[in-house]
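Novice: Encoded as structure tokens, here's the structure I'll be asking about.
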Amino acid sequence: MITSLTGTLVVKSPTEAVVDVRGVGYVLQIPLSTYAKLPDPPTSVTLLTHLQVRDDALVLFGFATNDERRMFRLLLSVNGIGPRLAQNILSGISAAELQSLIRTGNASALTSIPGIGRKTADRIIIELKDKLAKDAGSTESLSVDSQTPMEVRAETLQALLALGFQRSVAEKAVRGALQETQGKALGVEELLKRALRLAGSGR
């Protein structure tokens, strides 16, 4: 599975980006939220991806942040929402705003997004509200005063768990790494490096 692409952004439009990776050009469908974050080509970029497998094609969707991709995948879990509609939703509203509307049950605001009627808005709220609540609960232990975004903290925690660390050890390591760098916003790579050092030392 292709989970991310790093290469040279050679083309970008409000719905599509082309990334050249060692001479191979990958076409990615993107929401407006990602388009707004992309630099002007040609520039080196990293995009997180979601691969849609169809009978007649393989379609890559690209995202600037893990939060965008996570919400895209959550939207796909809603009955009646496919990749194109999910992309359209994230083009009409940011991932953070979408989460807020779902948590507060604001169906009226969701219907302002083109392609979303009242029934679809209600279904999104009903099917995703509990899932978002569980996600919030899983990251409460990482609520340390830091400039590092919560999505980076959550991704780092998941990486440590995937490496075989117990949750209590992984959470303690991430918190420790965040406390060491309270005035600095870290990316996943740097935070993971620091957390691995702490987890390995048993601190």
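What follows draws every value from the coordinates through simple rules; no lab data is involved. Everything numeric here is computed off the predicted structure, so don't read it as measured data. Reconstructed Cβ throughout: ideal geometry from the backbone, glycine too, with neighbour counts over all protein chains shown.
Novice: In terms of the Cα gyration tensor, with a ≥ b ≥ c the square roots of its eigenvalues, is the chain rounded because a/c is under 1.5, prolate because a/b exceeds b/c, or oblate?
Specialist: Oblate, since a/c reaches 1.5 and b/c is not below a/b.
Novice: State the number of lysine pairs found in the chain whose Cα atoms come within less than 24 Å, restricting to pairs 8 or more positions apart or on distinct chains.
Specialist: Qualifying lysine pairs in the chain: 9.
Novice: Let me ask another. Please work out how much length the chain gains when fully extended from Q166 to I126, using 0.36 nm per residue of separation minus the C-alpha to C-alpha distance, in nm with one decimal.
Specialist: Contour length minus the Cα-Cα distance gives 11.2 nm.
Novice: Using label points projected 7 Å from each Cα along Cα→Cβ, tell me how many nm separate R103 and V27, to one decimal.
Specialist: For the pair R103/V27, the computed spacing is 3.8 nm.
Novice: In deg cm²/dmol, rounded to 500, what helix-only [θ] at 222 nm does the chain give when every DSSP H run of at least 4 residues adds -39500 (n - 2.57) and the total is split over its residues?
Specialist: Calculated from helices alone, the mean residue ellipticity at 222 nm is -15000 deg cm²/dmol.
Novice: If you don't mind, another one. Please state the shape class of the range 4-63: rounded when a/c is under 1.5, otherwise prolate if a/b exceeds b/c and oblate if not, all from the C-alpha gyration tensor.
Specialist: oblate
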